[in-house]
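Accompanying notes for the structure given below.
The values are calculated or read from the model by the stated rules, or taken from the named source; none is laboratory data. All values derive from a computational prediction rather than experimental measurement. Cβ atoms come from the backbone with ideal geometry, glycine included; neighbour counts cover every protein chain shown.
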Amino acid sequence: MEWDTFENHYVNVENVHGNTIKSRYWDLKKGSDYVGTILFLHGIGNSIEICTPLVKPLLELGYRFLAVDFPGHGKTELCKDKNLYTNEGFPTFAYQFIKSIGLSTPVTLLVHSLGGIAATRLTASHPEIVNKLIMIGPGGFSKDVVFKFRLGSVPGLGRLAMTDYLLDRTVDKRTRNLPQSEYMNPEFIRLDAQYLKNTKGLAVRWLLGNEIRLFTGYPGYLNAELLKHVSTPTLLIWGMHDETIPVGDSKNALAGISNSRLVIFDDAGHRPHVSHTQEVVDYISEFIRNGKLAEEDKLGKTIHK
């Protein structure tokens, strides 16, 4: 598996709750003609490098591929306005990014992990700019969250959880415990740890501190009232062994989003796009073309691989 680097671009994203944020993004395509536009949003504590395995295969299929670092992540600057790091802040950032670069819409939103919260809220509030929604291990569909997110929300303990030592231990533990390693390339382990550390813990702690509670979990989760406003064709992709966003949350997502279908990889963890890249790319491409999966007719809305 190749882990390429791509040319970085920067833009000042304006009007993000009154802030202007210098933001790093990729804008990749082969030639001047393309069959569609994909915008990738990453999860908490990550960066656009997390989508690296998907880039070349999707470019080969003729798509224009964009990805942007959220504030305080990767190489996008850390905005010191703590109120930005909320359920409303990141969807607003994504919307203003689209406007700032003059991106023609609608686009396909492709997201991973807690990027699913921003994407779902953005799709609910601005359905006209999203023609397909594809979410890999998305967060936010349950008020119950894993212990590490609850711990990260506690002042003091959250700071401790973001130290370099514990971040290194976390990456090592992930590598050991995955049923099929999603960190097969040592360079990706290095990049993952590097960009987690680049947040200096602040963006992550502010986001967790604003939205997560130690005992009650995630009170602002994507509930049925919000999800009824999402009618965009949606593809959900999950790993059965996901220890970050449990696969049980997929039931809420599938039930709440009316025009959705679900693919579960039985031997994957939180990053099936890394461990099962070509299969995920095939599903993404088929879904963008057709708005559904051929297997739905035989297997229904939940497909196990």
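Observations
- For the residues 259, 290, 252, the requirement of being out of contact with any helix residue (DSSP H, G or I) (no Cβ under 8 Å at 6 or more places or on another chain) and either in contact (Cβ under 8 Å) with a residue 60 or more places away in the chain or crowded, with 18+ Cβ neighbours inside 10 Å (or both) singles out 252.
- A residue that is among the basic types (Lys, Arg), touching a residue at least 12 places away in the same chain (Cβ under 8 Å) and farther than 15 Å from residue 6 by Cβ occurs somewhere in the range 78-96.
- Residues satisfying the stated conditions in the range 17-36, i.e. at pLDDT 95 or above and closer than 14 Å to residue 56 by Cα: 26, 27, 28
- Selection of the range 221-238 for residues being part of a loop (DSSP other than H, G, I, E, B) and of a type in the set (S, T, N, Q) yields 223, 231, 232.
- Matching residues in the range 136-149 - criterion: being at pLDDT below 80 and either of a type in the set (Phe, Trp, Tyr) or more than 26 Å from residue 257 (Cα to Cα) (or both): 147, 148, 149
- Unmet criterion (only one of (1) touching a residue at least 12 places away in the same chain (Cβ under 8 Å); (2) assigned to a loop (DSSP other than H, G, I, E, B)) for residue 15: (2)
- Out of 234, 244, 216, 302, sole residue that is surrounded by 22 or more Cβ atoms within 10 Å (Cβ to Cβ) and among the hydroxyl-bearing types (Ser, Thr, Tyr): 234
- Subset of the range 263-305 (residues that are more than 25 Å from residue 36 (Cα to Cα), touching a Pro at 6+ places or on another chain (Cβ under 7 Å) and at pLDDT 90 or above): 265
- Matching residues in the range 66-83 - criterion: being charged (D, E, K, R) and outside any loop (DSSP other than H, G, I, E, B): 82
- Some residue of the range 50-71 being farther than 28 Å from residue 291 by Cα and touching a helix residue (DSSP H, G or I) at 6+ places or on another chain (Cβ under 7 Å): yes
- Scan of the range 99-123 for residues that are surrounded by fewer than 21 Cβ atoms within 10 Å (Cβ to Cβ) and not in a loop (DSSP other than H, G, I, E, B), ordered by number: 99, 100, 107
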